[in-house]
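The structure under discussion appears below in the form of structure tokens.
Taken together, the values in this text are just the output of simple stated rules run on the coordinates, not laboratory data. A quick note: this is a predicted structure, and the numbers were derived from the prediction, not measured. With ideal geometry, Cβ positions are generated from the backbone for all residues, glycine too; neighbour counts draw on all protein chains shown.
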Amino acid sequence: MINLDFMPSRRLALYMVKLMVSRSLAVLVALVLVLLMLDLLGESGKILAVEGNGEADLWRYAGLRLPMLVSRFLPFSVLLGCLIAFAGLNQHSEVISMKAAGLSAHQILAPLIIAAAGLGALLFAFNEAVVVDSARVINAWKDSDYEPIPPDTGVYTNVWLAQDGTLVHARQASGRGPDFQITDLTLYEREAGTVARIVEADRALPHGDRWMLEGVRRYDAGMNLVTETARETALPGIGPAQFRLAKVDPEALDIVTLGRTIADLEAAQLSTTAARAGWWHKITGPVSTILMPLLAAVAAFGLARSGQLLLRAVIGMALGFAYFVADNFSLAMGNAGVYSPMLATWGPVILFAALGEAILIRSEE
């Protein structure tokens, strides 16, 4: 007789959750340490190439990069942890014992899915509290070629704007309200499709409806002449908000701030496609953790002595890899405006949830 209780045994549920969580965390620690070491080896030369940077800056980079790696690879670690746990349960005939006691495949998976949902909730909170701050600082630091950056008071790097045929590039913009300023501003003034003049300024400050440029160097292509002035005004009609909205990085903004930024983009009649896709991905990223036990379940069932345990584990891993590839591809299509933001973020989740459920029902139920 089939036991219709959702989770008939508290002890069994805790046992399976302990197996899954312990193995997932072990995989996460090993994976993050290896990837952090490789990343640090690749970036250490660039960091130390800047005069004044030393060992403390390497530790700073590692401390900033660590939360981002944990956030990115936690769902994958849950997949591997579930595969390891399921393979062990299958090999020791524990799954067969559960099924002989009247448990269905869904009842066996239920505690792990609930535990994965808890990990997903923790991941969402971790992203909002820690990862966004690390991403904001490390992205600004990278864009500044690892040179010192101002304190974290809203830093925007490598911002591009266009105004009446003039391309505007701000290497770094920082501050809020009246303290907003631009460092290393370059204006490319075009005429008839070619660059006629290049204006470089060490610093730019808001000045009414214009900007006060300081330390100005002007190159005239027609006269092949460089002139320098201490100050001049430029860029009428461009405000600080346009520099802030020109480059929106969803990874570096919490979900509330990103929602407000989307509203500002709409008010400025700018594209919100990439920002909306990033907003939804802040939700679907942690939600993907719930999928991992379902995708790994193929390794839990079937007779271990049939010789197909390894094949089942490889299939489960392949399903997980396929999900992450589809998720990244779909998000890229959403950022490009090919897919709608909701389809780009929720599509892979729904597709692989249906695929995993179909495999489970067809093979075990």
Protection proxy (average C-beta count within 10 Å per residue), highest first, orders 82-90, 129-137, 224-232, 52-60 as 82-90, 129-137, 52-60, 224-232
The chain, Gaussian network, Cα under 10 Å: of Gln172, Gln163, Gln91, the residue fluctuating most is Gln163
Measuring from its Cα centre, the range 248-365 shows a charge dipole (+1 at each Lys and Arg Cβ, -1 at each Asp and Glu Cβ) which, in debye to the nearest 20, is 340
Taking the dipole of the chain about the Cα centre (Lys, Arg +1; Asp, Glu -1; charges at Cβ), the one of Leu89, Ser24, Gly320 that reaches farthest to the positive side is Leu89
Summing -39500 (n - 2.57) over every DSSP H run of at least 4 in the chain, dividing by its residue total and rounding to the nearest 500, the 222 nm mean residue ellipticity is -20000 deg cm²/dmol
Of Gly208, Gly259, Gly222, the most mobile residue in a GNM of the chain (C-alpha springs, cutoff 10 Å) is Gly222
Stretched fully, the stretch from Ala336 through Gln163 gains (0.36 nm per residue minus C-alpha distance, one decimal, in nm) 60.0 nm
Quick calc, the chain, dipole around Cα centre from Cβ unit charges on Lys, Arg (+) and Asp, Glu (-), nearest 20 debye, gives 1340
If one compares the long axis through the Cα atoms of helix 255-267 with the longest principal axis of the Cα atoms of the chain, the angle in degrees, nearest 10, works out at 50
Computed for the range 11-149: size of charge dipole around the Cα centre, +1 on C-beta of each Lys and Arg, -1 on C-beta of each Asp and Glu, debye to nearest 20, value 820
Under a Gaussian network model of the chain whose springs join Cα atoms within less than 10 Å, the largest fluctuation of Leu69, Leu109, Leu311 belongs to Leu311
If unit charges are put on Cβ atoms (+1 for Lys and Arg, -1 for Asp and Glu) and the dipole of the range 234-365 is taken about its Cα centre, the option from Leu310, Pro348, Leu253 lying farthest towards the positive end turns out to be Leu310
Dipole check, the range 155-239, charges on Cβ (K,R +1; D,E -1), about Cα centroid: among Gly175, Ala192, Met223 the Cα furthest to the positive pole belongs to Gly175
Measuring from the longest principal axis of the C-alpha atoms of the chain, the long axis of helix 309-335 (C-alpha) lies at a number of degrees, nearest 10, equal to 30
